[in-house]
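Bear in mind these aren't lab numbers, they're just calculated from the coordinates by the rules spelled out. Remember, predicted model here, so these are calculated numbers, not experimental data. Here Cβ is always computed from backbone atoms with ideal geometry, including for glycine, and neighbour counts include all displayed protein chains.
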Amino acid sequence: MEINSLDQKLPRRLKKDEIQELFRTGTFKKGKVLTILYKKGKGKVAFTCKKENLKAHDRNRIKRLLREAYRKNKVLFKGFDVVLIGNKNMLKYKSFDVEKELIKTWKS
């Protein structure tokens, strides 16, 4: 039984200059615990969160939750460069709640 490694990989990460360009020219969608910044592109992605007096392990958990939610729903973002920005309220959420919030925010 062979696992297709292409299905498991995340797309390429956005570089710093690409993220800055996305902040200047992209479109925002704001949800309860996350913000999606996007524009048409090559399908690259970045995950981030504000410091907001959070410790490193909290910021890492937020990014981990965002990566998992994105991985399960990456078909929705095909053809878009995306930056997912989490906030401190996400720490109260479970993985499936973050996934629901991501879908809800994207479709709004």
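Remarks
- The residues packed around Thr25, meaning those with a beta-carbon under 14 Å from its beta-carbon, carry a net charge of -1 if Lys and Arg are +1 and Asp and Glu are -1.
- Model label sites at Lys29 and Arg64, defined 7 Å from Cα along the beta-carbon direction, differ in position by 2.6 nm.
- Listed residue pairs exceeding 20 Å between alpha carbons, taken from Lys50/Lys92; Lys51/Lys88; Lys40/Lys92; Lys74/Lys100: Lys40/Lys92
- Residues in region 96-108 carry Karplus couplings, in order, of 5, 5, 5, 4, 4, 5, 4, 5, 4, 5, 5, 7, 7 Hz; the curve used is 6.51 cos²θ - 1.76 cosθ + 1.60 with θ = phi - 60°, and Gly or Pro positions show x.
- Per residue, the convex hull spanned by the Cα atoms of the chain measures out at 118 cubic angstrom.
- Antiparallel DSSP beta bridges within the chain, percent to nearest 5: 65 percent
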